[in-house]
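See structure below.
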Amino acid sequence: MKDSKQNLSNYFSILRGERLPAFLAEAAQGIDSDLTEDMPTLWADHDTFLEAEGKTADPGNTLIDLKIELARRIMESCHLCERACGVNRLAGEKGYCKAGEARVASKFVHWGEEPDVIPSYTIFFNRCTFRCIFCQNWDISQRNAGRYIPTEVLSRDIERMTGNVRNINWVGGEPTPNLEYILQVLRICSAPLPQIWNSNMYMSREAMKLLRGVVDVYLSDFKYGPGECGEELSDAPNYWQIVTRNHSLANEHAEIIMRHLVIPGHVECCTKPILRWVKENLDTSKMVVNIMDQYRPEYKALHHEKIGRRLTYREFNEAHRFAEDLGLTLT
Ligand code: SF4
């Protein structure tokens, strides 16, 4: 079995200084695109450029400028995630996630993530595109928290972290509603640090395209199988279709550290179908899997008849052994 250093070889080569993170290597390239054009033209410019790779046509605009413009247009009728609320967030309207101006709830050097990730400069955003009834961060995901930080301030903050952390870890809540803000921060940032997208993976196809050439590692959360669990526990319709699609897209252009939180009573309906799907559909030589045992009933799950309890040792053991038997690289 390969170890995580082999499976995350791109990430580790950035850490060794052998290559630049994607946002400096790809997104900072010049592009010959008129940003006043219509959306289909801008998308064509974007996609053509990414497929061609390596062109530097116009030192005035960069690929990340184009991505920012596309993100802003998406926010005019918001479909950054698959809820596709259609609200005009630039005019102050709010959709399901209730995200307005980007609010950072906290940011600090995190030592509690996977061994390959720590120390990680972790930036927690307010609000989320899910309503997980057992959310352990409900105070920042479901309520107003944090404050707006000017992009140049956060960018300088990140630059000061160079040499002290291994990566920048964008999380929440959920980072997706704040994609345009994050791109703005990275546009003026020169820190050669890998970018980690720590997400529920409910992004729209368009958001996934904007992340290509920016994200080095998806720290993805894959919780529910193909049944109704995603809708029942996180109010996430079509969870399986969306999250499998986004894992496939992430697997094409980046590396993945996939987290699976084992939920009490959900080993057969969720854990096993997810791990089987991963094995059969992804290039597992570019990913590692973290089978997580830290479920605890929080928030609205405290008195839930099925998940208002801790995971048993037997359940976790069964999940872990299933992943091992599939030959997945575990972290
Ligand atoms: S990011 Fe928020 S406003 Fe935009 S589509 Fe998703 S839930 Fe709706």
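Read the figures in this text as sums done on the coordinates, not as results from a lab. What you see is a predicted model; the values in this text were computed from it and never measured. So basically every Cβ, Gly included, is an ideal-geometry build from the backbone, and we count neighbours across all protein chains shown.
Using the count of nearby Cβ atoms within 10 Å as a rough guide to exposure, how do Glu268, Glu206 rank from fewest to most?
Ordered by Cβ neighbours within 10 Å, fewest first: Glu268, Glu206.
Which residues among the stretch 115-130 fall inside the zone where the amide N is under 18 Å from a point 7 Å beyond the Cα of Glu298, along Cα→Cβ?
Inside the label zone: 122-130.
Hey, what D do you get for the stretch 1-115 in µm²/s if you plug the Kirkwood alpha-carbon radius into Stokes-Einstein at 25 °C and 0.890 mPa s?
Diffusion coefficient, whole number: 143 µm²/s.
Report the charge-dipole magnitude of the chain in Debye, nearest 20, computed about the Cα centre from +1 at each Lys and Arg Cβ and -1 at each Asp and Glu Cβ.
1080 debye
List the cysteines in the chain whose Cβ has no other cysteine Cβ under 4.7 Å from it.
Cys78, Cys81, Cys85, Cys97, Cys128, Cys189, Cys229, Cys269, Cys270
I'd like to compare 212-224, 22-34: which one has the highest average count of other Cβ atoms within 10 Å, and what's the full order after that?
Averaged packing, sorted descending, gives the order 212-224, 22-34.
If you plug each phi of the stretch 300-306 into the Karplus form 6.51 cos²θ - 1.76 cosθ + 1.60 with θ = phi - 60°, what whole-Hz ³J(HN,Hα) values come out, in order, with x for Gly and Pro?
Per residue, the Karplus-derived 3J(HN,Hα) values read 8, 8, 3, 10, 5, 5, 9 Hz.
Whole percent per 5 Å bin, from 0 to the bin with the longest distance: what is P(r) over all C-alpha pairs of the stretch 103-188?
Taking all Cα pairs of the stretch 103-188, the binned fractions are 3, 15, 24, 24, 20, 11, 3, 0 percent.
Among DSSP beta bridges whose residues both lie in the stretch 109-244, state the antiparallel percentage, nearest 5.
For the stretch 109-244, the DSSP antiparallel bridge percentage is about 15.
Run the quick spin-label model on Phe322 and Phe108: label points 7 Å from Cα toward the beta carbon, then report their separation in nm to one decimal.
For the pair Phe322/Phe108, the computed spacing is 3.4 nm.
222 nm [θ] for the chain, helices only, -39500 (n - 2.57) per DSSP H run of 4+, per residue, to 500?
-10000 deg cm²/dmol, from helical runs alone.
Report the antiparallel proportion of the DSSP beta bridges in the chain as a percent, rounded to a multiple of 5.
Antiparallel: roughly 25 percent of the beta bridges in the chain.
Assuming R0 = 51 Å, what is the FRET efficiency of Thr162 and Ser285, from their Cβ-Cβ distance, to the nearest 0.05?
0.95
Testing the spin-label approximation: label points 7 Å from Cα along Cα→Cβ at Asp139 and Gln6. State their distance in nm.
Each label point lies 7 Å from its Cα, and together they span 4.4 nm.
Rank by packing, highest mean first: peptides 296-307, 99-110, with packing defined as the count of other Cβ atoms within 10 Å averaged across residues.
Averaged packing, sorted descending, gives the order 99-110, 296-307.
On full extension of the chain, what length is gained from Arg276 through Arg205, given 0.36 nm per residue of separation minus the C-alpha to C-alpha distance?
23.2 nm
In whole Å, what is the distance between the alpha-carbon centres of the stretch 144-204 and the stretch 297-318?
Answer, in whole Å: 32.
Listed here are the pairs Lys223/Lys306; Lys272/Lys306; Lys107/Lys306; Lys279/Lys306; Lys107/Lys272; Lys107/Lys279; which of them are more than 24 Å apart at the Cα?
The pairs that break the limit, which is 24 Å between Cα atoms, are Lys107/Lys306; Lys279/Lys306; Lys107/Lys272; Lys107/Lys279.
Going by amide H atoms built from the backbone, whose H comes under 5 Å of the H on Ala236, apart from near neighbours?
Glu231
When N is the residue count of the chain, what does its C-alpha Rg come to as a fraction of 2.2 N^0.38 Å?
0.97
For Ser106, list long-range residues whose amide hydrogen, built 1.01 Å from N in the peptide plane, is under 5 Å from its own amide hydrogen.
For Ser106, whose amide H was placed from the backbone, the distant partners under 5 Å are Phe124.
What nm value, rounded to one decimal, do you get for the distance between Glu228 and Glu305 when each label is placed 7 Å out toward the C-beta?
1.3 nm
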